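Note sheet for the following structure.
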Amino acid sequence: MRLIFLGDVVGRSGREAVAQHLPGLRSRYRPDLVVVNGENAAHGFGITEEIFQGLLAAGADVVTLGNHAFDQREALIFIERYPNLLRPLNWPQGCPGRGVALVETATGKRVLVMQAMGRVMIEPMLDDPFAAVSRELDACPLSQACDAVLIDFHAEASSEKMAFGHFCDGRASLVVGTHTHVPTADHQILPGGTAYLTDAGMCGDYNSVIGMDKTEPLQRFLRKLPVERMRPAEGEATLCGVAVETDDQTGKAVLVAPLRLGGRLDEARIAAWENGFA
Ligand code: FE2
């Protein structure tokens, strides 16, 4: 099975990159499932229902969120209506929405998709993500109750992300980090068969400070005084993500590769999936 995950969509330029590139990626690579992190899609902070619908229209099957899940207050309401819109599953009880979904693909395959949030250098401090994810993995074991497992681990610390990847190794098809908005080069298949990447990077303008127009962040570092609201940078975005191919019997990864298109970063296509294309 082919899985594509795209990192945090930041503001309008990120949304435009998804709208521009994702339909072509779908027809070119024929992924069974596309998951997109949309927690910064609404001007950098949260997501609206209209923007969520736009990501689906561009080709996302599932949208994940993160610490900014509810920055747009309407998300507290509309998240209840969409089983394919996921906030971190370790949010304490009583939080609207859900953090896990068993998605059926067009070809009848079942993919368990979930998101958890780390607890190192990130707010709010949620419940233990290791215990929360472990419960879900035990309830829906890979290759028995589902054909693939994709986990978006939304966290700041690379140490916590790597530990989390190893914790899930052998029980998930892909553990991909989000939130730091900078793509890492450590994509690998862990010894137990789980594809892992510390951070997918963002779908956003890299002439920025993690997607935000650089003027205000710089001035906050230099003068320690906020002057205006942060706003997303508006240049052409680089679409950043990761592609994974799984074994149909075991659900484990047989290929993991970075994906980058457009904007300022070097392009990365999925060479193994380019067969047959000029
Ligand atoms: Fe985040």
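Before moving on, here are some points about what is shown:
- Assigned charges on the beta-carbon of Lys, Arg, Asp, Glu; the chain dipole about Cα centre (debye): 200
- Segment 211-272 - convex hull of alpha carbons, volume per residue in Å³: 130
- D (Stokes-Einstein, µm²/s), Kirkwood Cα radius, the chain, 1.002 mPa s at 20 °C: 116
- Carbon + sulfur, % of accessible area of the chain - ligands and nucleic acids excluded, 1.4 Å: 51
- Over the chain, dividing the summed -39,500 (n - 2.57) contributions of all DSSP H runs of at least 4 residues by the number of residues returns a 222 nm mean residue ellipticity of -7000 deg cm²/dmol.
- Rounded accessible area per residue of segment 141-237, 1.4 Å, Å²: 42
- The heavy atoms of K224 present about 150 square angstrom of accessible area, all protein chains included, probe 1.4 Å.
- Membrane-span-like helices in the chain (whole DSSP H runs, Cα extent of at least 27 Å along the helix axis, mean Kyte-Doolittle hydropathy of at least -1.0): none found.
- Taking the charge dipole of the chain about its Cα centre, with +1 at Lys and Arg Cβ atoms and -1 at Asp and Glu Cβ atoms, the residue from P23, L222, A60 reaching farthest to the positive side is L222.
The values are calculated or read from the model by the stated rules, or taken from the named source; none is laboratory data. Please read all numbers here as calculations on a predicted model, not as lab measurements. Don't worry about glycine lacking a Cβ; one is built from the backbone with ideal geometry, like all the others, and counts go over all protein chains shown. Side chains are part of the model used for accessible areas, which takes the heavy atoms of the whole protein and leaves out ligands, DNA and RNA. Shrake-Rupley method; radii C 1.70, N 1.55, O 1.52, S 1.80 Å.
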